[in-house]
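Here the structure is laid out as structure tokens; the discussion comes afterwards.
The values are calculated or read from the model by the stated rules, or taken from the named source; none is laboratory data. Keep in mind that what you see is a predicted model, and the values were worked out from it rather than measured. Note that we place each Cβ from the backbone using ideal geometry, even for glycine, and neighbour counts take in every protein chain shown. Just the protein is used for accessible areas: all its heavy atoms, side chains included, with ligands, DNA and RNA removed. Shrake-Rupley method; radii C 1.70, N 1.55, O 1.52, S 1.80 Å.
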Amino acid sequence: MAIPITILHCDLLLYGREHRNLDRCRLEDVTDEYLVSTYGFPRAFIDYLVELLGSNLSRPTQRSRAISPETQILAALGFYTSGSFQTHMGDTIGISQASMSRCVTNVTEALVERASQFILFPREDGSIQRLKDEFYSVAGVPGVLGVVDCTNVTIKAPNAEDMSYVNRRGLHSLNCLLACDARGVLLWVETHRPGSIQDDAVLHQSELCYLFETELHKEGWLLADSAFQQQPWLMTPVQIPGSPPDYRYNMAHTATHCVMERTQQALKRRFRCLDGSKATLQYSPEKASQIIQACCVLHNIALQHGLDIWSDSGTAGLEQEEEYACVESLESEAYRVRQEIILTHFS
């Protein structure tokens, strides 16, 4: 009988009939400094999330709810940003680990439901032109609509011990595709691919690839590093530069693509549950994928609120992932497009 009683108690904490005051950390009782140091974000940002997600976290019912939307959001933010994997953060807030896990699940699902509201690739002419102008101002590469890359997030081994999740470092992971603008705002996120899939294959299996091949290739291109195969809509560095224009193009490409590197560093520094330095995400691939998406949504919301941590020198200390270069064809249409860019803008 011990197991059913435990499950019932957990349900009562969130939606039970008896009202219990578990909101031991109230926003009005603590300083902004405490909120930032413990949960990663200031009061105004947390208030915004309560307003945004409150309807999802306060499901209509005749029962009392012992854990408020505010506390559920604090629990989830604490988990995302501390990398403490629930036990310590649950003690800080004053709820059990089982309730902490339920809070993280609820907030994660609510954020993922709103992903399309905060992560989207612009289609309007004015927005596309702004992307090009902002990227051109970085280092002079024309026609850039976004920079793209993949990053691995380590997870626990799936129950089935699926070897497809083992990456080239021997760790179970998800290989996540990200694209961002010149300010580091994420324009595209796909987080469900197993870690053994190479970056170029992740991109070519994605909806982003389909979008560019069928529509946006007429507007411009993405920038990617040498782990990706050059395409008419995907500009990569010249692998063996043989002229001053080639070198100038490569330098401008590197300076522009650095936006993505800094964005990945900022994302993993802000959301320590993703950086793998303390532990792996102790969830199934499906749930881990949702947590990564939720952190990406929060990243964009944070930038909308002016919470930019790019200037933090600590981002430089995160480990860089090993890169494998694709062999490029010098006779392809993609190669000719890149050569035209080099001759026109870097000669």
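Rounded, prolate or oblate for region 90-200? Axes are the square roots of the Cα gyration tensor eigenvalues, ordered a ≥ b ≥ c, and the cut-off for rounded is a/c under 1.5. Oblate shape, in that a/c is at least 1.5 and b/c is the bigger or equal ratio.
Ordered from highest to lowest accessible area with the whole protein assembly present and a 1.4 Å probe, I46, I240 read as I240, I46.
Over region 160-222, what relative contact order in percent results from Cα pairs under 8 Å that are six or more residues apart?
Working: 71 pairs, mean separation 17.5, N = 63.
In percent, rounded to a whole number, it is 28.
The E51 and K218 beta-carbon pair, evaluated with R₀ = 56 Å, returns a calculated FRET efficiency of approximately 0.90.
Between Q97 and E109, the distance separating the two model label sites (each 7 Å from Cα on the Cα→Cβ line) works out to 2.2 nm.
Where the accessible area of region 139-262 is counted over protein heavy atoms with a 1.4 Å probe, how much of it, in %, is carbon and sulfur?
Values: 2500 of 4760 Å².
About 53 percent, which is the carbon plus sulfur part of the accessible surface.
Hull volume per residue, based on the alpha-carbon atoms of region 117-177 and their convex hull, is 144 Å³. For region 219-311, the alpha-carbon coordinates run over 48, 31, 30 Å along the three principal axes, in decreasing order.
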